[in-house]
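Below is one structure, written out as structure tokens; comments come after it.
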Amino acid sequence: DLLGPDGPIAQDLSTYEVRPGQLEMAGRIEDVLERGGALAVEAGPGTGKTFAYLVPAVLRLARGGAGRTVISTRTKGLQEQIYRKDLPFLLSRLAPKLCAALLKGRQNYLCLRRWRAAVAEAIASLDGDRREALAPLARWVSETTTGDIEENTAFLAHPRAHRVWEDLCDSPLHCLGPFCPELEECFSIRARRRARRAHLVVVNHSLLLADIAADGQVLGGYAQLIIDEAHALEASARTAFTQTFSARRVGRFADLLTATASRSSSDRWRPSASPDVPDVHRAAELAAELRRRTDALIAEIEPLLGTEPRAPLPLLRARSPSYGSLLETFVRLEPHLEELAAGIEDPELAREADGRILELRALRDLLDALGDSPPENSVHWAERARRGLSLHASPLDVAPFFADRLYPRLETVVLTSATLSSGGDFDYVLHSLGLPARFDVATFVAPSPFHHARRMRIHVPAGFPSVEGDDSGYAGAIADLLVALVDELDRKGLVLFTSHRMLRNVSARLPERIPSFSQGVDGPVSQIAEQFRRVHGGALLLGADSFWEGVDFPGEQLEFLVIPRLPFSVPTDPVFSALAERARSSGRDPFRDLALPQAILRLRQGVGRLIRRHDDRGAVIITDTRIASRPYGRAFAASLPAPIDADLPASALIAALSRWFRDAPSFGPRTPAAN
């Protein structure tokens, strides 16, 4: 009744439209919230899934339903939209007295103690760059009621924002707890208190996972959990529980020990000890030694990793001469820090000293673990990135974590996303999250409101060069195709790569006359996305991982999509390789049960970038001909929203698309979807 054409939402929402899939989805969620259990709902773009779960959740709480409700999303953007836009609209009409709260991880909130110390130091010092970086915060700090840094776009735009925020945010390492002089005004504590009092709390996956790890100490008890963007929860969990050792982390720790003049005075936990005290002097020496030996370790590991950006970590204890001496340096440093901490009488400084010791032990224990073969259900690996080489220890199967530590506390679990199934089969996602171990899970695919057969064309160019052939030749063929598409169609296209190397190869082959924006070549993701949106006429956006999901280019902002390679995980990737070996050892087929369902979900996410509104239309060109020639291609084809045409060579299909765009009927004026 509420979501129907005669309800209050239809009357008050100018962009309202009847959505049968939304109504059925909302009804099923209402049922499971009332009786308990688990439900997985796949709802593609245009379904209106946010209102489909918010309305029954709000209604249940308004009727006096027992237990709090938590809604978790993958991105902070969706988290903000739900709390600041969707919920105020619904609560004002359905349950004005219902209390809702937004909660993020504590490092999103300003620490007032560290802020005031940083201001005092900036005033006393001659560091003009630091004062300039702090300036956008000054007025905001006096006005904000939340301390959430996402409010302050002026500060976030500063080139040093990330580094400065590390010195100002709330974090367990720096928190003084009950000894903090700003305890009653603490933004982070206030946010957690509001969340605990609220009937409905909106969080992101990272915070949800942190709460589970802390046995519910962050969010408190709740009975109903709705997980939006649930397809990403497995990867989010693996990322959240990955431990990382790097020169940057060690350098950060060493900075905290030496407390140089450039550091915030809020981090100087030993001012009561003279620099002449032996333990102070020795701690500073060992901190410098940590840097040197860590750099030596990284230099020794680098040649052992091959050419891939991610590789299995060699056995450090056996392969690196520097490993033992670095580990010994951590061991030698600990008693000096403990002796210093024991001599500190100020409770604030003593708490900071304890934080340093805990960080030392965490680094030491991680380094010790990385020296040997990983334990069962873990993998050790190394990654080359812009900030240098980092060493990781990651869990593999995260299903037991959810099955043992989350689900027993809940009455109801709802999973939803635009992509949860492979051709209607939910098994991969459900088992990866351990849900069948605790619940009988009902599943539902909401019917799409879009006529994909009319609005979308999917082509595989006949006779296109093989993706498994020469990389240079394939990159040239892709570049030639892209130029022809832009020249003939004069429309905007997104190219989704699975490899940054192939992206750069294709980008380098595009002529300057073609407007193009390449991830990692022409700027960061947000910058090139905005530049692409502003261009009129033919243009290309070349993107990798960040553009496969979570981006929205409606209407003429995006009218064709090119996918050069089916998004299979790289077989040599250390995490995937370990997952595949684990599947094999348990009697499962790594390709059929792991690689294929992962790739299908990924492809569906990518194709979903194209049709986002009722009046969108466009074409998908998949140049990886394996989708048409290999037996497993049928599984990909069955999961796509429109049939595949693999009969036309590239030149003919471009001509056919030109006619289709020219002759296709108008889909009417554009109106943004809301409910």
Open item on the list: Going residue by residue through region 627-635, is there one that turns out to be touching a residue at least 12 places away in the same chain (Cβ under 8 Å), surrounded by fewer than 18 Cβ atoms within 10 Å (Cβ to Cβ) and over 21 Å from Gly463 (Cα atoms)?
Closed with: no
Task: Search result, residues across region 167-208 that are aromatic (Phe, Trp, Tyr) and part of a loop (DSSP other than H, G, I, E, B) - done: none
TODO: Please specify each residue of region 592-633 satisfying the condition of being of a type in the set (A, V, I, L, M, F, W, C) and either more than 25 Å from the chain's Cα centre (by Cα) or not in a helix (DSSP H, G or I) (or both).
DONE: Leu610, Ile611, Ala619, Val620, Ile621, Ile622, Ile627, Ala628
TODO: Determine, yes or no, whether Leu33 is part of a helix (DSSP H, G or I), under 29 Å from the mean Cα position of the chain (by Cα) and within 19 Å of Asp228 (Cβ to Cβ).
DONE: yes
Open item on the list: Residues to consider are Leu349, Leu366, Leu333, Leu360; find the one that is open to solvent by 20 Å² or more (accessible area, probe 1.4 Å) and in a helix (DSSP H, G or I).
Closed with: Leu349
- [ ] Name every residue in region 138-177 that is at pLDDT below 80 and either in contact with a strand residue (DSSP E or B) (Cβ under 8 Å, 6 or more places away or on another chain) or among the polar types (S, T, N, Q) (or both), in order of residue number.
- [x] none
Open item on the list: I'm trying to understand the selection: among the residues of region 167-215, which are open to solvent by 70 Å² or more (accessible area, probe 1.4 Å) and on the phi > 0 side of the Ramachandran plot?
Closed with: Asp215
TODO: Please state which of the following conditions Asp487 fails to meet, knowing it meets all the rest: (1) part of a helix (DSSP H, G or I); (2) open to solvent by 40 Å² or more (accessible area, probe 1.4 Å); (3) over 24 Å from Arg457 (Cα atoms); (4) touching a residue at least 24 places away in the same chain (Cβ under 8 Å).
DONE: (3)
TODO: Pairs only if they're at least six apart or on different chains, beta carbon under 7 angstrom, first in region 139-158 and touching a residue at least 40 places away in the same chain (Cβ under 8 Å), second not in a helix (DSSP H, G or I) and not hydroxyl-bearing (Ser, Thr, Tyr); list them, first residue then second.
DONE: Gly147/Leu110; Asp148/Lys104; Ile149/Leu110
Task: Search result, residues across region 152-166 that are part of a helix (DSSP H, G or I) and small (Gly, Ala, Ser) - done: Ala154, Ala161
Open item on the list: Contact list please: Cβ distance under 7 Å, first residue in region 362-380 and under 22 Å from Asp573 (Cβ atoms), second residue open to solvent by 60 Å² or more (accessible area, probe 1.4 Å) and part of a helix (DSSP H, G or I), pairs at least six apart or on different chains.
Closed with: Asp372/Arg317
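Limited to region 482-491, what total is found for residues that are under 31 Å from the mean Cα position of the chain (by Cα) and of a type in the set (D, E, K, R)? Working first, answer last.
Within region 482-491, the subset under 31 Å from the mean Cα position of the chain (by Cα) is 482, 491.
Next, from what is left, pick out any that are of a type in the set (D, E, K, R): 491.
Total meeting the criteria: 1.
So that you can scan it fast, the table gives a plain yes or no per residue for (1) out of contact with any helix residue (DSSP H, G or I) (no Cβ under 9 Å at 6 or more places or on another chain); (2) under 18 Å from Tyr407 (Cβ atoms); (3) without any contact (Cβ under 8 Å) to a residue 60 or more places away in the chain:
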{"position": "Asp167", "(1), (2), (3)": "no, no, no"}
{"position": "Pro178", "(1), (2), (3)": "no, no, yes"}
{"position": "Cys186", "(1), (2), (3)": "no, no, no"}
{"position": "Ile212", "(1), (2), (3)": "no, yes, no"}
{"position": "Gln224", "(1), (2), (3)": "no, yes, no"}
- [ ] Go through (1) assigned to a strand (DSSP E or B); (2) under 24 Å from Gly216 (Cβ atoms); (3) open to solvent by 10 Å² or more (accessible area, probe 1.4 Å) and name the single condition Val414 misses.
- [x] (3)
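Answer yes if at least one residue in region 227-242 is over 30 Å from Leu603 (Cα atoms) and in contact (Cβ under 8 Å) with a residue 12 or more places away in the chain, and no otherwise.
Scanning region 227-242 turns up no residue that is over 30 Å from Leu603 (Cα atoms) and in contact (Cβ under 8 Å) with a residue 12 or more places away in the chain.
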- [ ] Determine, yes or no, whether Pro436 is open to solvent by 30 Å² or more (accessible area, probe 1.4 Å), in contact (Cβ under 8 Å) with a residue 24 or more places away in the chain, outside any loop (DSSP other than H, G, I, E, B) and not acidic (Asp, Glu).
- [x] no
- [ ] Answer yes or no as to whether Asp295 is surrounded by 15 or more Cβ atoms within 10 Å (Cβ to Cβ), of a type outside the set (Gly, Ala, Ser), modelled with pLDDT of 80 or more and within 36 Å of the chain's Cα centre (by Cα).
- [x] yes
Task: From the options Lys97, Lys85, residue that is closer than 16 Å to Lys49 by Cα and open to solvent by 30 Å² or more (accessible area, probe 1.4 Å) - done: Lys85
TODO: Given the conditions (1) open to solvent by 10 Å² or more (accessible area, probe 1.4 Å); (2) farther than 23 Å from Gly216 by Cα, report the number of the one that Ala52 does not fulfil.
DONE: (1)
- [ ] From (1) part of a strand (DSSP E or B); (2) open to solvent by 70 Å² or more (accessible area, probe 1.4 Å), pick out the condition that doesn't hold for Ala311.
- [x] (2)
Task: Selection within region 131-151 - buried (at least 19 other Cβ atoms within 10 Å of the Cβ) and either part of a helix (DSSP H, G or I) or touching a Pro at 6+ places or on another chain (Cβ under 7 Å) (or both) - done: Ala133, Leu134, Leu137, Ile149
- [ ] Look through Arg252, Arg332, Arg270, Arg282 and report the one residue that is modelled with pLDDT under 95 and within 33 Å of the chain's Cα centre (by Cα).
- [x] Arg252
- [ ] For region 490-535, enumerate the residues that are within 23 Å of Ile611 (Cβ to Cβ), surrounded by 18 or more Cβ atoms within 10 Å (Cβ to Cβ) and among the hydrophobic types (A, V, I, L, M, F, W, C).
- [x] Leu494, Val495, Leu496, Phe497, Phe517, Ile528, Ala529, Phe532
TODO: Answer yes or no: is there a residue in region 587-601 that is open to solvent by less than 10 Å² (accessible area, probe 1.4 Å), modelled with pLDDT of 95 or more, of a type outside the set (Lys, Arg) and under 23 Å from Met456 (Cβ atoms).
DONE: yes
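Go over the candidates Ser577, Ser569 one by one and state the one that is part of a helix (DSSP H, G or I) and in contact (Cβ under 8 Å) with a residue 12 or more places away in the chain. Can you show your working first?
Details: Ser569 fails: part of a helix (DSSP H, G or I).
Only one candidate passes the filter, namely Ser577.
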Task: Which listed residue, of Val41, Val18, is under 13 Å from Thr416 (Cβ atoms) and aliphatic (A, V, I, L, M) - done: Val41
Open item on the list: Please pick out the residue among Pro8, Pro20 that is at pLDDT 90 or above, out of contact with any strand residue (DSSP E or B) (no Cβ under 9 Å at 6 or more places or on another chain) and either closer than 27 Å to Ala237 by Cβ or surrounded by fewer than 22 Cβ atoms within 10 Å (Cβ to Cβ) (or both).
Closed with: Pro20
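The values are calculated or read from the model by the stated rules, or taken from the named source; none is laboratory data. Nothing here was measured: the structure is a model prediction, and the numbers come from that model. Note that we place each Cβ from the backbone using ideal geometry, even for glycine, and neighbour counts take in every protein chain shown. Ligands, DNA and RNA are excluded from the accessible area calculation, which covers all protein heavy atoms including side chains. Shrake-Rupley method; radii C 1.70, N 1.55, O 1.52, S 1.80 Å.
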